[in-house]
1. So how many residues does region 469-528 have that are without any contact (Cβ under 8 Å) to a residue 24 or more places away in the chain, farther than 16 Å from residue 419 by Cα and outside any loop (DSSP other than H, G, I, E, B)?
2. One residue is enough: does region 91-113 have a residue meeting the conditions in contact with a helix residue (DSSP H, G or I) (Cβ under 7 Å, 6 or more places away or on another chain), assigned to a strand (DSSP E or B) and modelled with pLDDT of 95 or more?
3. Which strands (runs of 3 or more DSSP E) sit wholly inside region 1-60 and have at least 3 residues that are touching a residue at least 60 places away in the same chain (Cβ under 8 Å), surrounded by 18 or more Cβ atoms within 10 Å (Cβ to Cβ) and in the same structural domain as residue 93 (by TED's automatic domain parsing)?
4. Tell me, please, whether a residue that is modelled with pLDDT under 95, closer than 20 Å to residue 27 by Cβ, touching a strand residue (DSSP E or B) at 6+ places or on another chain (Cβ under 9 Å) and not in a loop (DSSP other than H, G, I, E, B) can be found in region 136-156.
5. Among the residues that make up region 72-88, is at least one of them on the phi > 0 side of the Ramachandran plot, under 23 Å from the mean Cα position of the chain (by Cα), at pLDDT 95 or above and not in a loop (DSSP other than H, G, I, E, B)?
6. Taking residue 300 as the residue in question, decide whether it is assigned to a loop (DSSP other than H, G, I, E, B) and either more than 18 Å from the chain's Cα centre (by Cα) or not assigned by TED's automatic domain parsing to the domain that holds residue 97 (or both).
7. Quick test for you: out of 345, 378, 363, pick the one residue that is in contact with a strand residue (DSSP E or B) (Cβ under 9 Å, 6 or more places away or on another chain), under 20 Å from residue 420 (Cβ atoms) and assigned to a loop (DSSP other than H, G, I, E, B).
8. Quick one: which of 286, 308 is assigned to a strand (DSSP E or B) and touching a residue at least 60 places away in the same chain (Cβ under 8 Å)?
């Protein structure tokens, strides 16, 4: 058997690359005898027990994992206390994390680990990866007999129990032992069976004195890259101190991270809500230090569907730096990620949602699609020179060059805003781009630098140093609207919602597409530009896909 594709790795600045670092929630051999004290299963403090394992004080702080069971709510629940061989869990609303498709998908929305008071027959394990230190440091492992026994071990100092199933074991030494990471697949009495990479075994049959660490988080994302395989997920916990990246190479301790070539990885940052849909205000940061010519997080040549959520890449203004780079042939996508002080913030082909750059020479370049993304400062906000792109509801502000720049390829740009750039707001000369519901204001160059082949639909411009439009022969429907006042509520504070000033934001309100539908049966009243105004009594609005939180400037 091979290392499972369903592992979830944990990375923390307080971790250690000698730890086990992961847990497999899809394991088929978890204990199935979980139950609770009468009528506590659907409360905020379930008292959990198992006939096959006695909980100990060392389990406090670890996370009980409920895989399945009638009336259960599968997910992770932290162990708050232990007494009389039982574990009292923290299961208040928002404190635990429900599982969907073998991933922590969202914080729990109901108290308890089940929908009934006294569930029985629960399938369970303990996830020891969500902590700084290893749970068990073995020093006396013994490998079983030849053949299948070489995938088993025992330990007199730390007898095997049901609690270790699903956890990753980092074998660090011992005569006859193979240094590697393995996953505890099952247990029988005091003997554990593991699965390893490829055809590996634990080592030479009957070897003794093996050393290994079970549980605890990784320290370095790059080190995880040297081990992880297709389908793995990586949870990365926020700390006020950034992860320091000190090597321009990839996939080693302290180095940059690159997904394996055949991967379909999920990487997500979190602070208090360990789920891929979290909206935590704090996100983990990877900061370059003393290096050049590097990409902090990339997919390399992987054409699989890799997913990146809630991560920050800080190039630290070092030369030839990229925050994120994605292979264009896959369905890679990123959500709520941020690049700071990089030569290029986001490079190559991916689907980007709710992402942000600050101080990057080029914020976004040649993406397949950008939605709800923002580029602040730097030289160029969005550069589509290398290929056509779909850009929707995006903003470029304060760039020393162009806000949006395109090459010889067709681009489709809708509901975007360029403000206060040192070049053109939109430079799409030489393209056959369609530009709809866009606003260009206060740029040093032209508002819209386009050729006759371009099409402008419901666009607005004003106070641009070289003029609002280079080619009046381009197709316009209706004609470009010239703004005579700043249209934004407070652009200096990055509030780009339209104000109600005559000649300014009042013209943007209900001035975007769609207007009347093609069938003539519906009428829309969308504002032009990236953001919409809020009428009195209106809601706070939603966000794209996950979370719905504005990216902070």
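1. Number satisfying all stated conditions: 6.
2. Of region 91-113, the ones in contact with a helix residue (DSSP H, G or I) (Cβ under 7 Å, 6 or more places away or on another chain) are none.
No, because not a single residue in region 91-113 is in contact with a helix residue (DSSP H, G or I) (Cβ under 7 Å, 6 or more places away or on another chain), assigned to a strand (DSSP E or B) and modelled with pLDDT of 95 or more.
3. On the way: elements: 8-11, 31-36, 47-50.
By residue number, 31-36.
4. Yes, region 136-156 contains at least one residue that is modelled with pLDDT under 95, closer than 20 Å to residue 27 by Cβ, touching a strand residue (DSSP E or B) at 6+ places or on another chain (Cβ under 9 Å) and not in a loop (DSSP other than H, G, I, E, B).
5. Of the residues in region 72-88, the ones on the phi > 0 side of the Ramachandran plot are 75, 84-85.
Next cut, under 23 Å from the mean Cα position of the chain (by Cα) only: 75.
With the extra rule that they be at pLDDT 95 or above, the set shrinks to 75.
So of that shortlist, the ones also not in a loop (DSSP other than H, G, I, E, B) come out as 75.
There is at least one residue in region 72-88 that is on the phi > 0 side of the Ramachandran plot, under 23 Å from the mean Cα position of the chain (by Cα), at pLDDT 95 or above and not in a loop (DSSP other than H, G, I, E, B).
6. yes
7. On the way: 345 fails: assigned to a loop (DSSP other than H, G, I, E, B); 363 fails: assigned to a loop (DSSP other than H, G, I, E, B).
Result: 378 is the single residue among 345, 378, 363 that is in contact with a strand residue (DSSP E or B) (Cβ under 9 Å, 6 or more places away or on another chain), under 20 Å from residue 420 (Cβ atoms) and assigned to a loop (DSSP other than H, G, I, E, B).
8. Details: 308 fails: touching a residue at least 60 places away in the same chain (Cβ under 8 Å).
Checking each option against the conditions leaves just 286.
The values are calculated or read from the model by the stated rules, or taken from the named source; none is laboratory data. All values reported here derive from a predicted model rather than from experimental measurement. Cβ: placed from backbone, ideal geometry, glycine included. Neighbour counts: every protein chain shown.
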